[in-house]
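Down below is the structure, laid out as structure tokens.
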Amino acid sequence: MKGTEHIVVLTGAGISADSGLSTFRDADGLWAQHRLEDVATPQAFARDPDLVHRFYNTRRVQAAEAKPNAAHAALARLQAEWRGQVMLVTQNVDGLHEAAGADVIHMHGALARALCAACDHRWDAQPEMSLKDACPSCGTRAVRPDVVWFGEMPYHMEQIVQAVQTRDLFAAIGTSGQVYPAAGFVEEARLIGAATVELNLNDSDMSHAFDEHITGPASATVPDWVDRLLADARG
Ligand code: APR
């Protein structure tokens, strides 16, 4: 890994687990408590918008109370040291990467943002969103969380795929590799001969595709990994 300088880091719910936020697919995860078909699809919002708002309102409060952990801080440090060379992409809708000082691309949107389904206007979400909210731009009462639901296209895909297909190293941290297109990034990176590393508490569905595996909680493994990258680059 010596000399590696251009990196894409993909994070998932596992990186925020050590900050007290639930993952989705672990035994105690969100999808064990809720049916994703009830709260995380456009059809669910059309059927029962109140339920969907309540689900995201609860998560917005929890995310606002959470603090970034050592893994978020280490990635922010890596970005600061290697300015412009570390693209950080997250599937998470919490704001913990930003809170740690990182520059992050939210491919699945953000709990802190609201979206008007009528005119696509976006703005900072109130802590509690509801059916009664009107869009500040067009006035329509079709306000939803600015999160990407199942069946919708993730954001910034062109920019992300372009980076995955050109950089030296692809790292995935705390993601189960079950949700595409993010789960496919490792294969894209391999096609161009990039090094690939997975940091996870357990094996994921995509573990077989990575060159290197670092096992353990992200708040312990990510700072060590960042230290190693920086030390290797210094020679
Ligand atoms: N440190 C590192 N990894 C962890 C930790 C931890 N402390 N705790 C859990 N993990 C790992 C789990 O082993 C699992 O592989 O994090 C992963 C979490 O997987 P998911 O719950 O499936 O979360 P994620 O991969 O981010 O989900 C992808 O699915 O439901 C959608 O839109 C949602 O963005 C989400 C997407």
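The values are calculated or read from the model by the stated rules, or taken from the named source; none is laboratory data. Only a predicted model underlies this, so the values are computations on that prediction, with no experimental measurement involved. Here Cβ is always computed from backbone atoms with ideal geometry, including for glycine, and neighbour counts include all displayed protein chains. We work out accessible area using only protein heavy atoms, side chains counted, and drop any ligands, DNA or RNA first. Shrake-Rupley method; radii C 1.70, N 1.55, O 1.52, S 1.80 Å.
Just need the relative contact order of the chain here, percent rounded to a whole number, with Cα pairs under 8 Å and 6+ apart. With pairs under 8 Å counted, the relative contact order is 25 percent. Taking label positions 7 Å along the Cα-Cβ direction at both residue 132 and residue 211, the computed distance is 5.7 nm, reported to one decimal.
Rolling a 1.4 Å probe over the protein heavy atoms of segment 109-235, with every protein chain left in place, gives an accessible area that is 49 percent carbon and sulfur. Summed over qualifying helices (DSSP H, 4 residues or more, each -39500 (n - 2.57)) and divided by its residue number, the chain shows a 222 nm mean residue ellipticity of -9500 deg cm²/dmol.
Accessible area per residue for the chain is 47 Å², calculated with a 1.4 Å probe on protein heavy atoms, without ligands, DNA or RNA.
Placing a label point 7 Å from the Cα of residue 161 along the Cα-to-Cβ direction, the residues of segment 86-126 whose backbone N falls under 16 Å from that point are 107-108. Given a 1.4 Å probe and the protein chains as shown, residue 31 ends up with an accessible area of around 50 Å².
Of the two radii for segment 78-181, the radius of gyration is 1.02 times the Kirkwood radius, both from the alpha carbons; that is the Rg over Rh value.
Name the shape class, rounded, prolate or oblate, that the alpha-carbon gyration tensor gives for segment 104-149, where a ≥ b ≥ c are the square roots of its eigenvalues, rounded holds for a/c under 1.5, and otherwise prolate holds if a/b is larger than b/c and oblate otherwise. Here segment 104-149 falls in the prolate category.
Over the chain, the Kirkwood radius and the radius of gyration, each from Cα atoms, give a ratio Rg/Rh of 0.98. The accessible-area ordering, largest first, of the residues 105, 160 stands as 105, 160, per a 1.4 angstrom probe. Taking other residues whose beta carbon is less than 12 angstrom from the beta carbon of residue 65, and scoring Lys, Arg as +1 and Asp, Glu as -1, yields +2. The stretch between residue 85 and residue 67, if pulled fully straight at 0.36 nm per residue, gains 3.9 nm over its current Cα-Cα span. With a Förster radius of 41 Å applied to the beta-carbon distance between residue 27 and residue 232, the computed FRET efficiency rounds to 0.70. Protein-only accessible surface at a 1.4 angstrom probe places the residues 141, 167, 122, 54 in the order 141, 54, 122, 167, largest first. Between the listed residues 82, 176, 137, the Cα displaced farthest toward the positive end of the dipole of the chain, a dipole computed from Cβ unit charges relative to the Cα centre, is found at 137.
Based on the Kirkwood approach, the hydrodynamic radius assigned to segment 128-235 is 16.5 Å, with every pair of different Cα atoms included.
Taking the Cα centre of the chain as origin and assigning +1 to Lys and Arg Cβ atoms and -1 to Asp and Glu Cβ atoms, the resulting dipole is close to 480 debye.
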